[in-house]
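These notes concern the structure reproduced below.
Read the figures in this text as sums done on the coordinates, not as results from a lab. Predicted, not measured: the structure shown is a model, and the values here were computed from it. Heads up, the Cβs are rebuilt from the backbone with ideal geometry, glycines too, and the neighbour counts pull from every protein chain shown.
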């Protein structure tokens with residue numbers, strides 16, 4: 001087997017990906033298949049950190065339609081990510097993979113508070129670390145959380161697991177038949193072209209810290225392992 005290209009990865013998965021075809025909530029079979037993919041690379045000796053979104057449980061747009069204040073809606077979204085993180089942790093441990101959930105908002109009864117040095121130690125001790133609660137601040141997305149945590153724990157790459165999208169396109173391929181897929185980009189090109197990969201804050205943070213990003217389809221079995229082993233799939237966004 002080929003030598004892994006990356007040895008410490010930050011895996012970003014949207015909440016919607018955990019809902020599967022249901023479109024809402026947590027789909028146990030989907031979560032189990034996703035966790036099996038994590039276990040595959042864990043068994044290769046890869047250190048794995050995960051940032052999970054919460055869009056399968058709460059969307060900020062719903063709060064806006066209710067007339068809710070933005071900060072309040074964002075905090076509700078952070079709580080949704082904690083629910084997803086606990087589901088991932090339980091499924092990982094049922095498969096024999098030790099894991100820890102760290103939250104940016106303290107919830108000591110159910111998870112550890114986020115402490116950078118402790119997170120790195122968990123990774124070194126071969127535990128999967130799941131970061132929940134976003135950055136702990138409103139107005140920031142979980143994309144920004146992924147970029148921030150990747151920098152903080154010195155990850156080799158951010159693996160952006162997309163739901164039914166196999167890379168970065170010039171336009172939405174579902175709406176535009178002329179959309180073309182990019183094999184490689186830089187973060188600066190992503191920002192200047194206005195491509196919807198990550199939000200601009202996350203892209204800038206990744207660019208400034210020279211963190212590469214690989215965007216790929218999470219629904220294709222084995223894709224996470226393929227990326228880690230260096231196979232060219234999806235779109236690679238270079239730091240510089």
From 174, 225, which residue is surrounded by fewer than 22 Cβ atoms within 10 Å (Cβ to Cβ), at negative phi and out of contact with any helix residue (DSSP H, G or I) (no Cβ under 9 Å at 6 or more places or on another chain)? 174
What number goes with the only condition from (1) touching a residue at least 24 places away in the same chain (Cβ under 8 Å); (2) within 19 Å of residue 6 (Cβ to Cβ); (3) in contact with a strand residue (DSSP E or B) (Cβ under 8 Å, 6 or more places away or on another chain) that residue 120 does not pass? (3)
Selection from the range 39-71 of residues that are closer than 26 Å to residue 155 by Cα and out of contact with any strand residue (DSSP E or B) (no Cβ under 8 Å at 6 or more places or on another chain): 39, 40, 43, 44, 45, 54, 55
Count - residues of the range 1-24 that are exposed (fewer than 15 other Cβ atoms within 10 Å of the Cβ) and closer than 24 Å to residue 134 by Cβ: 3
Boolean, residue 85 is in contact with a strand residue (DSSP E or B) (Cβ under 6 Å, 6 or more places away or on another chain), surrounded by 18 or more Cβ atoms within 10 Å (Cβ to Cβ) and touching a residue at least 60 places away in the same chain (Cβ under 8 Å): no
Across the range 40-58, what is the total count of residues that are surrounded by fewer than 19 Cβ atoms within 10 Å (Cβ to Cβ) and either touching a residue at least 12 places away in the same chain (Cβ under 8 Å) or closer than 22 Å to residue 27 by Cα (or both)? 3
Given the criteria assigned to a strand (DSSP E or B) and either within 15 Å of the chain's Cα centre (by Cα) or without any contact (Cβ under 8 Å) to a residue 12 or more places away in the chain (or both), does residue 160 qualify? yes
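So, in the range 58-76, how many residues would count as being assigned to a loop (DSSP other than H, G, I, E, B) and under 15 Å from residue 141 (Cα atoms)?
Selection size over the range 58-76: 2.
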For the range 157-170, does any single residue satisfy the condition of being surrounded by fewer than 18 Cβ atoms within 10 Å (Cβ to Cβ), within 19 Å of residue 49 (Cβ to Cβ) and touching a strand residue (DSSP E or B) at 6+ places or on another chain (Cβ under 9 Å)? no
Scan the range 104-157 residue by residue and report those that are part of a loop (DSSP other than H, G, I, E, B) and more than 22 Å from residue 204 (Cα to Cα). 105, 106, 107, 108, 109, 110, 111, 114, 115, 125, 126, 127
List the number of the failed condition for residue 184; all other conditions in (1) out of contact with any helix residue (DSSP H, G or I) (no Cβ under 9 Å at 6 or more places or on another chain); (2) farther than 16 Å from residue 212 by Cα hold. (2)
